[in-house]
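Read-outs throughout are calculated quantities, based only on the coordinates presented, and are distinct from any laboratory measurement. Note that the coordinates shown come from a computational prediction; the quantities given were computed from them, not determined experimentally. All Cβ positions, glycine included, derive from the backbone under ideal geometry; neighbour counts span all protein chains shown.
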């Protein structure tokens, strides 16, 4: 019996974590992605299985070749077995360009159904829509264009106020363009020019595709591969392609490098997967041609696309449209949920840290940037995520988890800043020299400022009792008074926060004095004889 989605829990049942698999039967690659989620709660990717099937390869007069169907069947049987054995409860399946355009579509779908998988054929509008959902729910995408280059087709869409306004789909995918234009090895300049003219002619049919001063976002295996190659070529310090800015001149260089090489030679290029060696050139030419048509020099790379879009439609149901209202806030709260953060403690630390930040801005120690404030809130809410690994060195574990897990909706610079502040919330301040290619001028001062606010807040909430209900900042010449409010004795908070005076001085250029009416141990942190032994705890 084919795999089908099971009925969700009825209203009133206690919400439990569910497992859903999304299967994308693409022209070049079949992919299964598995998610675990709690209805109306957090979600996370738990597995991904990728199988190169080249379903459209060797098609004659629109008929998929028997050998290609056999490769597809082998992948389908494996996916069915995986879903059964791992307890997947819901399965969503979408077939794209190769099956959609196949003259023997019914035969292919019947054979897949007999193997246990009931697939829905996505229309060109569906394919563009789900790609759009993947991007708009994982990036700060408000207005602009998006491009999704697959194996068989490419989709371009126009988004206005986060709403998909219009879209198109043309058979400009990497596999189809390779078979149409690159019959010889290595590729010639004339073949590359011929493909460019073909893509340009295909785009010219749509009057709305043209220079408009709007950004371009991109998804799909071709674009992610180009981003990985560009990162490796420039010694970029991060491996995450999501939110990476890919430049047109970098793609030009990749095309120039790929052209003279046979596919077997291309795969030696860092960042290029073996199974894309023969099709990446055609994919790159399609991407660059679209960029030229839109008059853009950069493309914002998205690590999510069609598969994630299909998941979001399911996860956010019955919301229509299935769009996350605030991607950045959702990302932070989703991470906090996935890592089991102690929310009362984390939220109180965030509240205190923001009060220190706002107070020091009011007394003229910095400008009070809204963007910095948001970074501080994110780092504060996530500062203890590393505890899921181990309490000891959890600041280092948290840094690694956030930096390598990614934060959809944030730029790479923001990701690095948030991860560094998490790393710096306890013990010694870290070095960030190896991450400087991602940072901007002045970010070291911003980092110190945010780290100081978080370190103070964490120490004021050291006992996790929320007894320091709020703080107020006053300035007297070169001294900053931090008044601790609450109805109880604050001696533990003062003792714990006092050693943070040195980092505060580095960040704000002022002496720090903690003032707590009920705290017998209240004193200036730099008083003679102050015990600094617990500063690293």
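Shape verdict for segment 383-430, please, from the Cα gyration tensor: rounded (a/c under 1.5), prolate (a/b greater than b/c) or oblate. Please report the intermediate quantities before stating the final value.
Numbers: a/c = 2.89, a/b = 1.50, b/c = 1.92.
Since a/c reaches 1.5 but b/c is at least a/b, the shape of segment 383-430 is classed as oblate.
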Inset, instruction - For residue 413 and residue 103, compute 0.36 nm times the residue count separating them, minus their Cα-Cα distance, and round to one decimal in nm. - result: 106.8 nm
Legend entry - Relative intensity, log₁₀ I(q)/I(0), of segment 125-307 from a Debye sum that treats every alpha carbon as a point, q = 0.11, 0.14, 0.17 Å⁻¹: -0.42, -0.69, -1.03
Inset, instruction - Could you compute the FRET efficiency for residue 275 and residue 445, with r as their C-beta to C-beta distance and R0 at 60 Å, rounded to 0.05? - result: 0.85
Legend entry - Exposure proxy order (Cβ contacts within 10 Å, fewest to most) of 410, 508: 508, 410
Inset, instruction - Would you mind ranking 193, 205 so that the residue whose beta carbon has the fewest other beta carbons within 10 Å leads the list? - result: 205, 193
Legend entry - Whole-angstrom Cα spans of the chain along principal axes, big to small: 87, 55, 40
Legend entry - Estimated FRET transfer efficiency (residue 371, residue 483; beta-carbon r; R0 25 Å; 0.05): 0.40
Legend entry - Relative contact order computed over segment 18-122 (Cα-Cα under 8 Å; 6+ residues apart), in percent: 29
Inset, instruction - Starting with the highest mean, order 194-202, 92-100 by the number of other Cβ atoms within 10 Å, averaged over the residues of each peptide. - result: 92-100, 194-202
Legend entry - Cα-based shape type of segment 345-479, given that a ≥ b ≥ c are square roots of the gyration tensor eigenvalues and the cut on a/c is 1.5: oblate
Inset, instruction - Can you put 491, 56, 289, 207 in order of Cβ neighbours within 10 angstrom, beginning with the fewest? - result: 207, 491, 289, 56
Inset, instruction - First measure r as the distance between the Cβ atoms of residue 256 and residue 67, then evaluate 1/(1 + (r/R0)^6) with R0 = 60 Å and state the FRET efficiency to the nearest 0.05. - result: 0.95
Inset, instruction - Using packing as a proxy for protection, rank 47-54, 131-138, 169-176 so that the peptide with the highest average count of other Cβ atoms within 10 Å comes first. - result: 131-138, 169-176, 47-54
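So for each of 421-427, 157-163 I average, over its residues, the number of other beta carbons within 10 Å; can you give me the resulting order with the highest mean first?
Descending packing order for the listed peptides: 421-427, 157-163.
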